[in-house]
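Only one structure is covered here, and it is reproduced in the block below.
The values are calculated or read from the model by the stated rules, or taken from the named source; none is laboratory data. No experiment lies behind these values; they were computed from the predicted model shown. Because the Cβ atoms are built from the backbone with ideal geometry, glycine has one as well, and the counts that use them run over all protein chains shown.
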Amino acid sequence: MIIIKTPAEIEILRAGGRHLATILEKITQKVKPGVTTFELDQYASQLIKEAGDTPAFLNYQPEGAKYPYPASLCVSLNDEVVHGIPSADRFFKEGDTVSLDLGLKHKGFFTDMAVTVPVGEIDPRTKKLLSVTREALQKGIASARAGSRVGDISHAIESSIRPYDYGIVEVLSGHGVGRAIHEDPYVPNFGPPGQGPELVPGMVIAIEPMVNLGTKNVKLDPDGYTYRTRDGARSAHFEHTVLVTEKGPEILTRA
């Protein structure tokens, strides 16, 4: 069931989204060679606590998972698409790419955001992948207009990516968000326009293209959370929480 948020709930989500965007920006500034993924997770936890909020992912157990997620921040390196678990044994190296996916709960309501950032200098092909994926997110957001359909978002993202012959991950998608970290509707990153639920004012959705340099196919690591590209090619992931309004889409996860 799609939950339409009330004006009071939207104000809470706006405040939470600002908190999240500010925190994630601070985390990205810590991404340097020699830093561990665990250090970033600890920093994320500290910043969320200082803001008076709660990590959305810590101890969250999605359907099918054998145990709760053990961290506040998802840190996915290079060929890892999403949900990488932080570790004190994993160090960033020059030339890596890092997807940082973070959610928080502010006054009982959830927002969700992700960015992919380089560690120092990265090769031109990977730099282009990040740019195209970021642009695809913006195209998807621009299509999140009242009266349109979820499929219009999906089609805008796919159309933005297809000219580059990248792999669009199909088994993972965007989603509704707000009262829970994952709500209806399902928001794929591919598909025909004009399909799916109608977008109406008060809907809040997380739009998040996940794009690979190679195949679209992914595999799940034995940890039960980390998805990585099946061919070992690099991946990029960007996400915003977006409110559908009468006047157009509003990005809530913006400082």
**Asked** Tell me, which residue of the range 232-253 that is loosely packed, with under 15 Cβ neighbours inside 10 Å and touching a residue at least 12 places away in the same chain (Cβ under 8 Å) is nearest to Val117 (Cα to Cα)?
**Response** Gly232
**Message:** Return the residues of the range 95-108 that are surrounded by fewer than 22 Cβ atoms within 10 Å (Cβ to Cβ) and over 22 Å from Thr36 (Cβ atoms); say none if nothing qualifies.
**Reply:** Lys105, Lys107, Gly108
**Prompt:** Any idea which of (1) surrounded by 22 or more Cβ atoms within 10 Å (Cβ to Cβ); (2) touching a residue at least 40 places away in the same chain (Cβ under 8 Å) is the one His155 doesn't satisfy?
**Reply:** (2)
**Complete:** Here the residues within the range 110-129 that are farther than 20 Å from Ser160 by Cβ and hydrophobic (A, V, I, L, M, F, W, C) are Phe110, Val117, Val119, Ile122
**Residue count, the range 1-46 (criterion: over 24 Å from Leu100 (Cβ atoms), modelled with pLDDT of 95 or more and in a loop (DSSP other than H, G, I, E, B))** = 4
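Are any of the residues in the range 124-131 hydrophobic (A, V, I, L, M, F, W, C) and touching an Asp or Glu at 6+ places or on another chain (Cβ under 8 Å)?
At the first step, the residues of the range 124-131 found to be hydrophobic (A, V, I, L, M, F, W, C) are 129-130.
Okay, now just the ones that are also touching an Asp or Glu at 6+ places or on another chain (Cβ under 8 Å), so none.
Looking for residues that are hydrophobic (A, V, I, L, M, F, W, C) and touching an Asp or Glu at 6+ places or on another chain (Cβ under 8 Å), one finds none in the range 124-131, hence no.
Please specify each residue of the range 154-171 satisfying the condition of being of a type in the set (A, V, I, L, M) and either assigned to a strand (DSSP E or B) or at pLDDT below 95 (or both).
Of everything in the range 154-171, just one residue is of a type in the set (A, V, I, L, M) and either assigned to a strand (DSSP E or B) or at pLDDT below 95 (or both), namely Ile168.
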